[in-house]
1. Leaving ligands, DNA and RNA out of it, report the carbon-plus-sulfur percent of the accessible area of the chain at a 1.4 Å probe.
2. Where the eigenvalues come from the Cα gyration tensor of region 108-219, what are the semi-axes √(5λ) of the equivalent ellipsoid, largest first, in whole Å?
3. Rolling a 1.4 Å sphere over the protein heavy atoms, what is the accessible area per residue of region 59-108, to the nearest Å²?
4. Report the Cα centroid-to-centroid distance between region 91-132 and region 264-293 in angstrom, as an integer.
5. Let me test this: with uniform point scatterers at the alpha carbons of region 128-183, what is the Debye-based log₁₀ I(q)/I(0) at q = 0.14, 0.18, 0.27, 0.31 1/Å?
6. Convert 10 °C to kelvin, take the viscosity as 1.306 mPa s, use the Kirkwood radius over C-alpha pairs of region 25-100 as Rh, and evaluate the Stokes-Einstein diffusion coefficient in µm²/s, rounded to a whole number.
7. Dividing the convex hull volume of the Cα atoms of region 311-433 by its residue count, what figure in Å³ per residue is obtained?
8. Where does the chain land at 222 nm, in deg cm²/dmol rounded to the nearest 500, when only DSSP H runs of n ≥ 4 count, each adding -39500 (n - 2.57), divided by all residues?
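The values are calculated or read from the model by the stated rules, or taken from the named source; none is laboratory data. What you are looking at is a predicted structure, and each value in this text was computed from that prediction instead of being measured. Positions of Cβ are backbone-derived with ideal geometry, glycine not excepted, and every protein chain shown enters the neighbour counts. Heads up: the accessible areas ignore ligands, DNA and RNA and are worked out on the full protein's heavy atoms, side chains in. Shrake-Rupley method; radii C 1.70, N 1.55, O 1.52, S 1.80 Å.
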Amino acid sequence: MSPDRPVVVVVGGGIAGLAAAWELTGGAAGPRPGSPSVVLLEAGARFGGKLATVELCGGPVEAGPDGFLARRPEAAELCREVGLGDDLVPVGASGAAVWARGRRRRLPDGLVLGVPTKLLPIARSGILSLGGTLRLASDLVVPRPDTRGPLGDRSIGPLVSRKLGHQVVDRLVDPLVGGIHAGGVEDASVAAVFPVLLTAAQERSSFMRALRRTSAQASQATEGPLFWALRGGLGSLAARLAERLAERDADVRLAQPVEAMDRVAAGWLLRTKEGEQPADGVVLATPAGPAAALLAPHDPQAAGMLRALDYASVAVVTLAFAQEALPDDLFGTGLLVPRKTPVPRQVADAAALSRGEPFLVTACTYLWAKWPHLERPGVRLLRVFVGRSGDTRHQSMSDADLVRRVAHELTALVGSTGEPLDAVVTRWDDALPQYRVHHPLRVASIEASVRRLGAVAVAGAAYHGIGIPACIANGRTAAKEVLAQLAGAPAPSTA
Ligand SMILES: Cc1cc2nc3c(=O)[nH]c(=O)nc-3n(C[C@H](O)[C@H](O)[C@H](O)COP(=O)(O)OP(=O)(O)OC[C@H]3O[C@@H](n4cnc5c(N)ncnc54)[C@H](O)[C@@H]3O)c2cc1C
C-alpha cells in the first residue's frame, strides 16, 4: 500500500461493482493525481453478474435484464461515458396486456404501476368484474382516508386493497409491481418500492385522484423513450466497462471469489484461494449473503440484517417461434399473468396437469415488438419469466421440461401453435432481493453500521433499488463514500 496512492478493492463485478470501480478511477473525467489504485475481484467467469447476453438463433438475446428505465439517467449516462452512446436503442412499443377473466386484456390508460388513477378506462377494460369495478368506483364517492396520521412504511398490497379493492391488487398491482421484484405485494415496502403511494394515501380525497395529481407532477419532467436497451446486449456494457477499467490500469480479475476480509493495521486483507490482496478501502458490491459473510467478524449487526434479506429465484426462458406460429394481434410489449391464475382446463388436460394448476409463466415479452433490433427474419422471439417468491416449481424441473411446459402454457396465453424452433433457459437462483416493509430503515442501519468500519461501503441491488440505473447510482455513491473516508472528509449522502 503506497502512502500517496491508496488501494481500493471492489468485491463483485456486477453492474454495481463495475460502476463503483469506474467512479474510483475518476468516472467520466478519468483518473486524477492521487486517484486510488483499483482492484476488482469477481467470483464468476465473466463480468456483469445479472447482466448476461447469450446467443439464440444467430444473434444476442438477454438472459437477465433486457433494458433499463430511461427516467433515471444513470445507466444511459454510464453507457455514454464508456463510449456506447450510439448503441442505445429506444423501446419500440408501448402498452401491455394482462391475463384476466379468461383472456388477454389490454392494460388501460391511467395506471401508475398498476394502480388506477381513472375509473372509466379500467371499467371498459374488462379486467375487473362488475363487483370489482363498483368497489373501485366507491373510491370516488366514499374515499377511505387514512386516519392514523402521517404514514410510516407499510405493505403495498393491504394499502391499495383497502383503498381500491382486492381485485385491483390481484389483477393489476401484484402482476406489475410484484413482477419487478418477482415478489408479492402483500409484504412489499411502499416506501422502498412505490413511495408515491404514501403521499397519495395521506390525502383525504379519492385515492385515485390523489395519485393522479401526484404522478402527473412526477411525470412532467419525462421526455423521450421509457426504456433503453443496448444493440449488442447489456452484457456489452459490462464487457466495455471491464475493458475501459483495464485501460485505466485498474486490476480487474475474474474467478476470484473473496473468502474472507481481515483487519490489518489501518487497512484490510482480502483473502481468495489464490492469495491475499491488501486494501485501504473496500466496496462490497455482492448480493447480501456474501456481503454478510465477509462482514460478520467485524460487524455482526450489519451481517445479521443482511442475512435477513431474502431473495426470489426465477428463470428466463427465451423461445424462438416461426413467425406464422404466433397470431398478429398481440398487443404492446407483452403479457402479465396474475399469481395463482389456473391454466385453462383444455391446456391443462393436453399437458397432463392437474386441474386448477396455476400458470408457471408470470410474464411474457414480445421481443420483436419491444426491441426492433431483435427482429429476426421469419422468426419471433418470446421471453418468458417463471418463478417468484413463494413459487419455486420451476426449480424442480429440467430445462427440457421447463421449455415443454412453457410452450404448452403459451398456447393458451398468446395463442401460439406448433413447437418452438429453439429455446434457451437461464436460471437465476436467489437473484432478486425482496424489499419488505421497513426496508429503507434496515438499509439505513446497515449503512450506518458499516460506516463505522472506516473506508468500507456496500453497494448493489440489495439496498436502494434493483433496477440497473439504481445499482449504478448506488455503486458510484459507495465509491465516493470510500474516497471521502480515505481523504478524511465527510461521506456524501447515499443514493
Ligand atoms: C432475470 C432478471 C431480469 C431483470 N430485468 C431487469 C430489467 O429489465 N431492467 C433492470 O433495470 N433491472 C433488471 N433486473 C435487475 C438487475 O439486473 C439487477 O438488480 C442488477 O443487475 C444487480 O446488479 P448488482 O451488481 O447489484 O448484483 P449482481 O449482478 O448480482 O453482481 C454481484 C456480483 O458479485 C459477485 N460475487 C458474489 N460473491 C462474491 C465474492 N465473495 N467475491 C467476489 N465476487 C462475488 C457475483 O459473482 C456477481 O457477479 C433483472 C434481474 C434479473 C435476475
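1. Carbon-and-sulfur percentage of accessible area, whole number: 53.
2. Those come to 19, 17, 13 Å.
3. 43
4. If we compute the Cα centre of each part, the gap is 48 Å.
5. For region 128-183, the Cα-only Debye profile gives -0.42, -0.67, -1.08, -1.19.
6. Details: Rh = 16.1 Å.
Roughly 99 µm²/s, to the nearest whole number.
7. Working: hull volume 13.4 nm³, N = 123.
Cα-based convex hull of region 311-433, divided per residue, equals 109 Å³.
8. -9000 deg cm²/dmol
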